[in-house]
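Remarks on the structure that follows.
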Amino acid sequence: MSSEITKYPPGPTYKMPGKLIRQFIHDPIKTLSTISQKYGDVAYFKLGPKQHVYLINNPDYIEKMLIYDHRNFKKGKRLQIAKSLLGEGLVTSEGDFHNRQRRLIQPIFHSRQIMTYGKIMTDYAIRFRDRWKNEDTIDISQEMMELTLGIICKSVLNYDVESEAKQVGKALTTTRNYSRRLQSPIGHILDKIPILPAPRGARKAKKELDSLVYGLISDRRHHQQESDNNHYDDLLSRLLEAQDSNLAGPAPPSSGGAQSSNGKMSDKQVRDEVMTIFIAGHETTANALTWTFYLLSQYPDVEKKLHDEIDSVLGTIDENGNDVSKIPTAEDIPKLQYTEKVLRESMRLYPPVWTMGRYVENDYHVGEYTIPAGSSILMSQYVMHHDPRYYKEPEQFNPDRWTEEFKARLPRFSYFPFGGGIRGCIGEPFAWIEGTLIIATIVQKWTMRLIPDQRIKLDPAITLRPKYGMKMKLIRRKS
């Protein structure tokens, strides 16, 4: 054991025990933002007597950790919490097993393949926009949750969840809230008490979701055995068909036998991957869209420019009063450049995943400091996306900042709403296409105005969502 005294980076210290923990629980985004502004690229603080935390605020350091030195970092305790719901999916698996699974699944999420789901995205968006009434008040957060849930169910499972959307959405919300609850210091203790309503409700919700997914997997396997002609072109079929000729070595103990003897996935592993896509694939996009429509309601000049692009690309009302607009398709996306900038800037201001954490496996050198093994590292998308070193007037919603020149000179990890490296979000192409098409489809028909006097507050849980929802008044653009 080295006799050298650890040199800690600068950071907040308090004489009152627990003060920083209380600040962190009350407002983690403000706490991390304040620490980064005051202490710079690497800051150190303690949450409790044994939890040593290093906040990394330098994009080059983040890139090195996530891209080049990723093997030295693990997801740690939060990973085990997520496994209670997701099993050994891509978000939760690690090491060689994770690499094999990513190799199996990566082709399914190639942008050319995802483009084939464009019609599903616009069809569902049209369902929602056409059921709305002029001057109605809606909770856009809830609407986007239901919309993206419907899209992911149809794309992943070829399953129309509309009639059960509220029930499935409730089960997903229950499991998400429970996962957040388990991240508290006493969460694991509470989970050991089976009579408490939260664990019982979460287990019931997980059972409902498992029943749905396993039932669809069984039906699809039976269908594939019975008929070679009626082939489904959805992600579930591709997961069942995905095969890795290089699969070798045992599956992780918790996977329940993740690979079958022919190199394909077992039902358990397909379930884990479907559940991961199911949950991660709709909440993040729903939050991004919610914040986008909120920002558009606050910046009429940006909204006007967006309307002009969408009307120019997709058509509008002609001189005779006829509606000559067309439904957006995936082929229109290259023309919807400002729409993409609006979504990109919205995810800068309100990144759906607002922070990332890792545990250090072995002592790690960063800058002039050595981070001891067992320490925690935080990298916050929210903090980096609001850093004035990289973004002029960072609190302003300015899609025009995203020129090609600006993107070219921006450090890679000063903007990373989908994470990065070996654990970067595999569904990123899906999210960009889905978000762009939904914005274009809804904005064709509707303008939204924020209902006054409601409280808009960030809820920085696993994803960044509005704590009290987001009530909007609908104003029809076209008759």
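The values are calculated or read from the model by the stated rules, or taken from the named source; none is laboratory data. Here the structure is a predicted model, which means the values were calculated and not measured. Note that we place each Cβ from the backbone using ideal geometry, even for glycine, and neighbour counts take in every protein chain shown.
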Extreme residue, nearest to Lys457 (Cα to Cα), among residues of the stretch 30-41 that are modelled with pLDDT of 95 or more and among the β-branched types (Val, Ile, Thr): Thr34
Within the stretch 448-459, identify whether any single residue is assigned to a helix (DSSP H, G or I) and touching a helix residue (DSSP H, G or I) at 6+ places or on another chain (Cβ under 6 Å), and answer yes or no. no
Filtered residue count, the stretch 1-53, keeping only those that are surrounded by 14 or more Cβ atoms within 10 Å (Cβ to Cβ), assigned to a helix (DSSP H, G or I) and more than 26 Å from the chain's Cα centre (by Cα): 2
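So that you can scan it fast, the table gives a plain yes or no per residue for (1) in contact with an Asp or Glu (Cβ under 9 Å, 6 or more places away or on another chain); (2) modelled with pLDDT of 60 or more:
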residue	(1), (2)
Gln183	no, no
Gly187	no, no
Pro194	no, no
Val213	no, yes
Ile217	yes, yes
Tyr232	no, yes
Answer from Thr370, Thr339, Thr276 - the residue that is touching a residue at least 40 places away in the same chain (Cβ under 8 Å), on the phi < 0 side of the Ramachandran plot and surrounded by fewer than 19 Cβ atoms within 10 Å (Cβ to Cβ): Thr370
When the stretch 411-447 is examined, which residues are found to be under 28 Å from Gly118 (Cβ atoms) and assigned to a loop (DSSP other than H, G, I, E, B)? Tyr415, Phe416, Pro417, Phe418, Gly419, Gly420, Gly424, Cys425, Ile426, Gly427, Gln444, Lys445
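So in the stretch 406-417, with the set limited to residues that are in contact (Cβ under 8 Å) with a residue 60 or more places away in the chain and surrounded by fewer than 19 Cβ atoms within 10 Å (Cβ to Cβ), which one is farthest from Arg102 (Cα to Cα)?
Pro411
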Any chance you could count how many residues in the stretch 133-154 are crowded, with 16+ Cβ neighbours inside 10 Å, more than 17 Å from Tyr294 (Cα to Cα) and in contact with a strand residue (DSSP E or B) (Cβ under 8 Å, 6 or more places away or on another chain)? 0
With the condition kept exactly as written, say whether any residue in the stretch 384-398 is of a type in the set (Ser, Thr, Tyr) and not assigned by TED's automatic domain parsing to the domain that holds Asn99. yes
Could you check the stretch 465-474 and list, in sequence order, the residues that are in contact (Cβ under 8 Å) with a residue 24 or more places away in the chain and under 17 Å from the mean Cα position of the chain (by Cα)? Arg465, Pro466
Among the residues of the stretch 382-405, which ones are among the aromatic types (Phe, Trp, Tyr) and either more than 22 Å from Asp301 (Cβ to Cβ) or surrounded by fewer than 13 Cβ atoms within 10 Å (Cβ to Cβ) (or both)? Tyr382, Tyr390
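Quick grid of which residues meet (1) surrounded by fewer than 20 Cβ atoms within 10 Å (Cβ to Cβ); (2) within 25 Å of Ile152 (Cα to Cα):
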residue	(1), (2)
Asp272	no, yes
Ala280	no, yes
Thr285	no, yes
Leu289	no, yes
His307	yes, no
Thr316	yes, no
Ser325	yes, no
Thr329	yes, yes
Given the structure, is Ile462 touching a residue at least 60 places away in the same chain (Cβ under 8 Å) and either in contact with a Phe, Trp or Tyr (Cβ under 7 Å, 6 or more places away or on another chain) or under 20 Å from His282 (Cβ atoms) (or both)? yes
